[in-house]
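Q: To start, I am sharing the structure in question, which I have written as structure tokens.
Readers should treat all values here as calculations from the given coordinates under stated rules, not as data from a laboratory. Everything quoted here is computed from the prediction, not taken from an experiment. Every residue, glycine among them, receives a Cβ derived from its backbone with ideal geometry; neighbour counts consider all protein chains shown.
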2 protein chains.
Amino acid sequence: MAERVQVEEKVLSENDKLAAQIRKDLGARKILALNLVSSPGSGKTSLLEKTLSLLKDEFRIGLIAGDVQTENDAIRLERAGGKIVRPVVTGGACHLDARMVGDALQKIDLNSIDILFIENVGNLVCPSGFDLGEDMKVVLISTTEGDDKPLKYPAMFRKSSALMINKIDLLGLSDFDIDKAEKNARQINGSLHIMRLSCRTGENINLWCDWLRNQIFSKK
Amino acid sequence: MAERVQVEEKVLSENDKLAAQIRKDLGARKILALNLVSSPGSGKTSLLEKTLSLLKDEFRIGLIAGDVQTENDAIRLERAGGKIVRPVVTGGACHLDARMVGDALQKIDLNSIDILFIENVGNLVCPSGFDLGEDMKVVLISTTEGDDKPLKYPAMFRKSSALMINKIDLLGLSDFDIDKAEKNARQINGSLHIMRLSCRTGENINLWCDWLRNQIFSKK
């Protein structure tokens, strides 16, 4: 196994070099880049749909939609008003890597966007290990999952800057304890900025929009 | 990258050898072994809790509970009446492999069980690539995820024998179309045995119990 570890370290280091270059290119143009990570079904695409509907006239939004198969998410985002949407089909791979993001960025005029959302593959484990050149990771969980997810998948919560707890419209219909979920998340990462919202009903979506505006302006 | 592929193939082949040995050992004792796979939060542990409460006096149930960190699931299963529960903490790895299962089985007297449930790490991508020596994979999705999951994560649905659509008590509260989900799943794997149920309310849990009884008896 030692050989395998060495090879993986080499691959990771190549990824880190590419990610650093992406970060430099985006930084030079003051583009805020967010890497959205979560389990399948927590609501990454729904969050981006809502974001497009609310902010597409305020900011120029670029989107990279990663998926194992299909371009379903990219199609949804275009329908929601996304003008610059690049699908990345990983063909089985369980996460995006910096090479995939770099290739997708070749097809985006970086002078035409203020913010770049990278929707990662739905997977709460593997994407935590791959820097994509983003400013920060945003992790989503939903109230229909377990409130112990931060403890069970700590790497993702440790590496994220913000946590969205989605589907608050379904609170009370399961055993999910939202205060406990927050407490568990803070136990893993005390500096997480946590927002509770519903992408379906739009409740508290203004918290997310305000946070985004702040992040965009602090890049300028 | 060629070197990496070769090394991974070697690792996989070692995994397959170990899995074949596990399958032989379990088969010799006519133990039904099921590998439960899903996203985090689809309800693998809830399904096993319900299964224990209903079938623990009828069958001798062994459980291996895989998790990235924590032994939370194993603790829940013991509370639900599980007498033979072995936690496997992968320490960051995104799936169980045959070596982990083989090690856990060393601590189980195989003459004392009729059925072995292996609860895999919550991940809809990576566990599809690792044979654990099971008779079949059972994949769970829930009605709070997207109904296009089978199309987006096809490998897992292709390699599974049964699909549980969980959380039917929450149908109608999201845009999830259960008929579409079934249709999407059958498009990927026409021979999937599909069951719709709610582990929370217990609705249709008898379908699962009956299916399990059939599988156990057909092994004898």
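Q: Please compute the alpha carbon radius of gyration of the protein assembly as shown, then divide it by the globular-protein estimate 2.2 N^0.38 Å. Two decimals is fine. Intermediate results must be reported in sequence, preceding the final value.
A: On the way: Rg = 21.7 Å, N = 440, 2.2 N^0.38 = 22.2 Å.
My calculation over the Cα atoms of the protein assembly as shown gives 0.98.
Q: Using a Gaussian network model of chain A with C-alpha springs under 10 Å, which one of A:11, A:89, A:121 is most mobile by mean-square fluctuation?
A: Of A:11, A:89, A:121, the Gaussian network model singles out A:11 as fluctuating most.
Q: Can you tell me the Rg and the Dmax, both Å, for the Cα atoms in segment B:8-55?
A: 14.8, 42
Q: While we're looking at this one, here's another question. Once the principal axes of the Cα atoms of segment B:142-219 are found, what is the range along each, listed largest first in whole angstroms?
A: 38, 29, 15
Q: Something else now. Which semi-axis lengths, in whole Å and largest first, follow from the square roots of five times the eigenvalues of the Cα gyration tensor of chain A?
A: Values: eigenvalues 128, 103, 52 Å².
Equivalent ellipsoid of chain A: 25, 23, 16 Å, largest first.
Q: Taking Cα atoms of segment B:68-196, Rg/Rh with Kirkwood Rh, to two decimals?
A: A ratio of 0.99.
Q: Picking from A:92, A:82, A:66, which is most flexible by a Gaussian network model of chain A using Cα springs under 10 Å?
A: Fluctuation is largest for A:92.
Q: Can you tally the net charge around residue B:200? Count Lys and Arg as +1, Asp and Glu as -1, for every other residue whose Cβ sits under 12 Å from the Cβ of residue B:200. Numbers along the way, then the final one.
A: Numbers: positive: B:50, B:167; negative: A:175, B:49, B:169, B:203.
My count for the surroundings of residue B:200 gives -2.
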